[in-house]
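Participant: Have a look at this one.
The values are calculated or read from the model by the stated rules, or taken from the named source; none is laboratory data. This structure is a prediction, so every number in the text was calculated from the model and none was measured. When we count neighbours, we look across all protein chains shown, and the Cβ atoms used for this are built from the backbone with ideal geometry, even at glycine.
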Amino acid sequence: MKIKEATEIAKIAELMEVMRDIRKALYLHFSQKVKEYKLDVTMEMLEVLYVLWNKDNVNQQEIVDKTNRNKASLTSLIDNLTNRGLVERKPDPTDRRNNLIVLTEQGRSYQEKLIPILDEVYQSFQVDISAEEMSNTVDILNKMRNRIND
């Protein structure tokens, strides 16, 4: 599909702006809640932890792919998570060039502390939005993402 009218371009620009604003507001709200609960983690660190909570013991490239971060920034995030005792690097037994990133016991227990905060943050953004509206929005955004990735 080709964009033929300036109004279509304006709508896409507006969508991009709204998505950026939502992401920024989520980050800010999450950061405030984390400070309230006195936890030492950033939203970027949470993204890495979330990947590991779903599948532990993965190589850095898999985390790069799932978080859309570059290797340099991911290395810094993993360093910070390691310094906080939430993850550790272990040699990959199948490839000596790689390290596997593994949750520590403390990293696993952070899930119990962070999930309620995330629920609270997400619920505050969904007050006037029905489950059906949310589902439809996610479906539409996934269609757009898939179209872009094709």
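Participant: Given the residues N68, N99, which is the only one that is of a type outside the set (K, R) and free of Cβ contacts under 8 Å to residues at least 24 places away in the same chain?
Facilitator: Values: N99 fails: free of Cβ contacts under 8 Å to residues at least 24 places away in the same chain.
So the residue among N68, N99 that is of a type outside the set (K, R) and free of Cβ contacts under 8 Å to residues at least 24 places away in the same chain is N68.
Participant: Kindly indicate the residue of region 91-109 that is at pLDDT 90 or above and of a type in the set (S, T, Y) and also surrounded by the most Cβ atoms within 10 Å (Cβ to Cβ) among those meeting that condition.
Facilitator: Here the answer is T104.
Participant: Does A6 satisfy the criteria of being exposed (fewer than 10 other Cβ atoms within 10 Å of the Cβ) and more than 30 Å from T94 (Cβ to Cβ)?
Facilitator: Judged against the criteria, A6 is a match.
Participant: I've got another one for you. Which one of these does V18 not meet: (1) modelled with pLDDT of 90 or more; (2) under 28 Å from Q126 (Cβ atoms); (3) hydrophobic (A, V, I, L, M, F, W, C); (4) under 13 Å from the mean Cα position of the chain (by Cα)?
Facilitator: (4)
Participant: Here is a check on your reading of the model: is D79 closer than 30 Å to Q61 by Cβ, surrounded by 10 or more Cβ atoms within 10 Å (Cβ to Cβ), at pLDDT 95 or above and not basic (K, R)?
Facilitator: It is true that D79 is closer than 30 Å to Q61 by Cβ, surrounded by 10 or more Cβ atoms within 10 Å (Cβ to Cβ), at pLDDT 95 or above and not basic (K, R).
Participant: Being in a helix (DSSP H, G or I) and either of a type in the set (G, A, S) or in contact with a helix residue (DSSP H, G or I) (Cβ under 8 Å, 6 or more places away or on another chain) (or both) is the filter here, so list the residues in region 123-140 that pass it. I'd like the intermediate steps shown before the answer.
Facilitator: Within region 123-140, the subset in a helix (DSSP H, G or I) is 123-125, 131-140.
Of everything in region 123-140, those that are in a helix (DSSP H, G or I) and either of a type in the set (G, A, S) or in contact with a helix residue (DSSP H, G or I) (Cβ under 8 Å, 6 or more places away or on another chain) (or both) turn out to be S124, F125, A131, S135.
Participant: Could you pull out the residue among V58, V34, V121 that is surrounded by 14 or more Cβ atoms within 10 Å (Cβ to Cβ), modelled with pLDDT of 90 or more, of a type outside the set (G, A, S) and under 17 Å from the mean Cα position of the chain (by Cα)?
Facilitator: V58
Participant: Which residues, counting only those in region 36-70, are charged (D, E, K, R) and outside any helix (DSSP H, G or I)?
Facilitator: K38, D40, K55, D56, R69
Participant: Given the residues R147, R89, which is the only one that is charged (D, E, K, R) and assigned to a strand (DSSP E or B)? Spell out the reasoning first.
Facilitator: Numbers: R147 fails: assigned to a strand (DSSP E or B).
Criteria check complete, one pass: R89.
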